[in-house]
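**Student:** Here you go, one structure.
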Amino acid sequence: MTHRQVIIVGGGPAGLAAALRLKEKGIRDILILEREKMPGGILRQCIHDGFGLTRFGESLSGPEYAQRFIDMVEKEGIECITDCTVLDITPDKVVTAAGRECGLLQIRADAILLTMGCRERTRGALATPGTRPAGVYTAGVAQNYINLQNIMVGHEAVILGSGDIGLIMARRLTLEGAHVKGVYEVQSYPNGLARNIRQCLDDYNIPLYLKHTVVEIKGRERLTGVTVAECDEHFAPIPGTEQEIPCDTLILSVGLIPENELSLAAGVELDPRTRGAYVDENCQTGVPGIFAAGNVLHVHDLVDFVSLEAEALADRAAEYLTEGSLPACGLKVIAGRDIGHVIPQRISGTRDFTLSLRVSHPLADVSVVVRQNGREVLRRRMRKLLPAEMLQLPMKAVNLSDDADMEVSVE
Amino acid sequence: MKTVFTCIVCPNGCEIEAEHEGKQVLSVTGARCPKGEAYVKQELSDPRRTIASSVCVTGGVLPLVSVRLTAAVPRDRIFDVMREINRVTLTAPVKIGDVVIRNVLGLDSDVIATKNVDAE
């Protein structure tokens, strides 16, 4: 068994940004393991622009954003093994990985950075009745086929779910000559960013049907149509509202799930709300020396914030490696009224950190209030808050106390 | 006349309420930055968009290279630009930033490659 100071699992935006910051902090022995043939993660297929506005002050496509980090990683001589799948991580930080070129690797690490990203919810998760024909894709798979493999997925498409990738794919399919008949969303509000509703649907006259879902999938070999229906507030289809829509393609954009099978193997405890790890303000999981950031921790809206989170992680991981440990984080951060989830879930109360949260449902003209022991630590007035938009609040150590749990709520 | 716009300049997606007479903007509210007002003015007089697509590559390690526009083009010319993009086939290697079509359709916007595709 060999030994490395840091192993980074996943060479997407989080892994690449973390590697660079670690190097900058003087950590030399870094290894990135990436299962695809090239680093860059999901950005490789996100060819639309709008990436990097925060980071670089310009609107880049996904591949361009990724390439900037890949170039820097190469320039810094950071080792990245591609085509190498991590199979197991143990609680005492032994990583087992395998690949065609690299063979079987077993490496013990002082620190492990979990940056595996997320995957899509599939038809199976929805349990939509009907047959099992070809022509049903998750939005990311359709994106991969069209943008990386030059395979057109269909001609007459229906999109279920209004997540950002679904909206982006509605536009992409239209540009490539397909007819997108509509986007159906079971909730009473869209799940994607407002700008994507505007520039991906409205611009192309693609209708968005809220409180609607697909209740049946039809076709033997190939999809021939779907039945959609209006839904009540409990997401139950309303009898009598069913409508048949002929189509050969159904795109699912129904949510993303942090990919944490390896984290579980390593003994990392997951938060059922984020489906990512419980972490402290250092992005450290419950297993000392194992850190997580990016979409594997909680699904982000924007890659710019993935990079920032990964860099914050790397700052603390470098400190862990240099000092041997990090300050204890004994205080809980509690998701209170109208808050869907918070990151981190544990803090020390002695250091600055970024509090990330999503609300559980759309709200207007409210305040997000952070309290410790009843004392108001921060109050942020918000004109509107949507579950589709992550809110990040900078928390300053000078305002924090180190002896009381923190509660975040909406008033 | 009052119109509500969703600004598409950045992910904030500000909802901007604009008081205007035809293309003449009288006042805007709801924009968190000055780009919002500029967006509304542009949107009323000459709505523009950027697009991204891909172009076939022969002899490369990938079958496609992603491309985008360097500047927004009139919204009603998007499909004309797509036709031009679809006409192109490149030969590997392609470098990120390579100009694929200069000044596409005379719209003061270049189509550039956004990915490296090495030769096989």
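We did not get these values from a lab; they are worked out from the coordinates using the rules stated. Every value quoted in this text rests on a predicted model; they were computed, and no experiment measured them. Neighbour counts are summed over all protein chains in view; Cβ atoms, including those assigned to glycine, are modelled from backbone coordinates with ideal geometry.
**Student:** Skipping prolines and chain starts, which residues have an amide H placed within reach, meaning under 5 Å, of the one on A:Val136, given they are 5 or more residues away or on another chain?
**Tutor:** So A:Val136 has HN proximity to A:Leu250.
**Student:** Which of A:Lys23/A:Lys75; A:Lys181/B:Lys115; A:Lys384/B:Lys35; A:Lys93/A:Lys396 have a Cα-Cα distance over 23 Å?
**Tutor:** Details: A:Lys23/A:Lys75 11 Å; A:Lys181/B:Lys115 31 Å; A:Lys384/B:Lys35 20 Å; A:Lys93/A:Lys396 32 Å.
Flagged as over cut-off: A:Lys181/B:Lys115; A:Lys93/A:Lys396.
**Student:** Let me ask something else about it. For segment A:347-365, list residues with backbone N below 13 Å from a point placed 7 Å from the Cα of A:Lys396 toward its Cβ?
**Tutor:** Flagged as within label range: A:352-353.
**Student:** Also, quick follow-up: Taking 0.36 nm per residue of separation and subtracting the Cα-Cα distance, what length does fully extending A:Asp405 through A:Phe235 add?
**Tutor:** Numbers: separation 170, 0.36 × 170 = 61.20 nm, distance 3.54 nm.
Length gained, A:Asp405 through A:Phe235: 57.7 nm.
**Student:** Further, regarding this structure: Under the rule of -39500 (n - 2.57) per DSSP H run of 4 or more residues, summed and divided by the residues of the protein assembly as shown, what mean residue ellipticity at 222 nm is obtained, to the nearest 500 deg cm²/dmol? The partial results should precede the final answer.
**Tutor:** Details: 9 runs with 100 residues, N = 531.
Per the formula, -5500 deg cm²/dmol.
**Student:** Additional query: For segment A:110-150 and segment A:172-191, compute the distance between their C-alpha centroids and round to whole Å.
**Tutor:** 17 Å
**Student:** Apply the Karplus parameterisation 6.51 cos²θ - 1.76 cosθ + 1.60, with θ equal to phi minus 60°, to every residue of segment A:398-411 and state each ³J(HN,Hα) to the nearest whole Hz, in sequence, with x for glycine and proline.
**Tutor:** Using θ = phi - 60°, the values come out as 4, 8, 9, 10, 9, 9, 9, 4, 10, 10, 10, 8, 10, 10 Hz.
**Student:** Another question about this same structure. For B:Leu64, what residues show an amide H to amide H distance below 5 Å, using hydrogens built from the backbone and excluding near sequence neighbours?
**Tutor:** Long-range HN contacts for B:Leu64: B:Val57.
**Student:** Just the number, please: percent antiparallel of the DSSP beta bridges in the protein assembly as shown, rounded to the nearest 5.
**Tutor:** Details: 78 of 119 bridges.
Here the share of antiparallel DSSP bridges comes out near 65 percent.
**Student:** Here's something else I'd like to know. Once you put a point 7 Å from the Cα of B:Lys2 and another 7 Å from the Cα of A:Glu261, both along the Cβ direction, what distance in nm separates them?
**Tutor:** 5.4 nm
**Student:** Can you compute 3J(HN,Hα) from phi for each residue in segment A:382-394, using the Karplus curve 6.51 cos²θ - 1.76 cosθ + 1.60 with θ = phi - 60°, rounded to whole Hz and x for Gly and Pro?
**Tutor:** The phi angles translate into 10, 5, 8, 10, 10, x, 6, 10, 5, 10, 10, 10, x Hz.
**Student:** Let a ≥ b ≥ c be the square roots of the eigenvalues of the Cα gyration tensor of the protein assembly as shown; is it rounded (a/c under 1.5), or, if not, prolate (a/b larger than b/c) or oblate?
**Tutor:** Numbers: a/c = 1.45, a/b = 1.20, b/c = 1.20.
Rounded shape, in that the Cα axes give a/c under 1.5.
**Student:** Among all the lysines, which ones have a C-alpha under 20 Å from B:Lys41's C-alpha, if same-chain residues fewer than 8 places away are not counted?
**Tutor:** Reachable lysines: B:Lys2, B:Lys23.
**Student:** Now for a separate question. Could you work out how far the C-alpha centroid of segment B:82-120 sits from that of segment A:1-27, in angstrom?
**Tutor:** Centre-to-centre distance over Cα atoms comes out at 34 Å.
**Student:** Another one. Would segment A:329-411 count as rounded, prolate or oblate if I go by the C-alpha gyration tensor, calling it rounded below 1.5 in a/c and otherwise prolate when a/b exceeds b/c, oblate otherwise?
**Tutor:** Values: a/c = 1.96, a/b = 1.77, b/c = 1.11.
Judged from the Cα gyration tensor, segment A:329-411 comes out prolate (a/c at least 1.5, a/b above b/c).
**Student:** Separation of segment A:204-223 and segment A:316-394 by C-alpha centroid, Å?
**Tutor:** About 38 Å separates the Cα centre of segment A:204-223 from the one of segment A:316-394.
**Student:** Can you run phi through the Karplus equation (6.51, -1.76, 1.60; θ = phi - 60°) for segment A:92-103 and list ³J(HN,Hα) in whole Hz, with x for Gly and Pro?
**Tutor:** 8, 6, 9, 9, 10, 9, 9, x, 4, 7, 7, x
**Student:** Looking at segment B:52-113, what % of its DSSP beta bridges pair antiparallel, to the nearest 5?
**Tutor:** Working: 10 of 13 bridges.
Given both bridge residues lie in segment B:52-113, the antiparallel proportion sits at roughly 75 percent.
**Student:** Could you put A:Met152, A:Met395, A:Met406 in order, starting from the residue whose Cβ has the fewest other Cβ atoms within 10 Å? Could the numbers behind the result be given before it?
**Tutor:** Working: A:Met152 14, A:Met395 20, A:Met406 25.
Ordered from fewest to most neighbouring Cβ atoms within 10 Å, A:Met152, A:Met395, A:Met406 come out as A:Met152, A:Met395, A:Met406.
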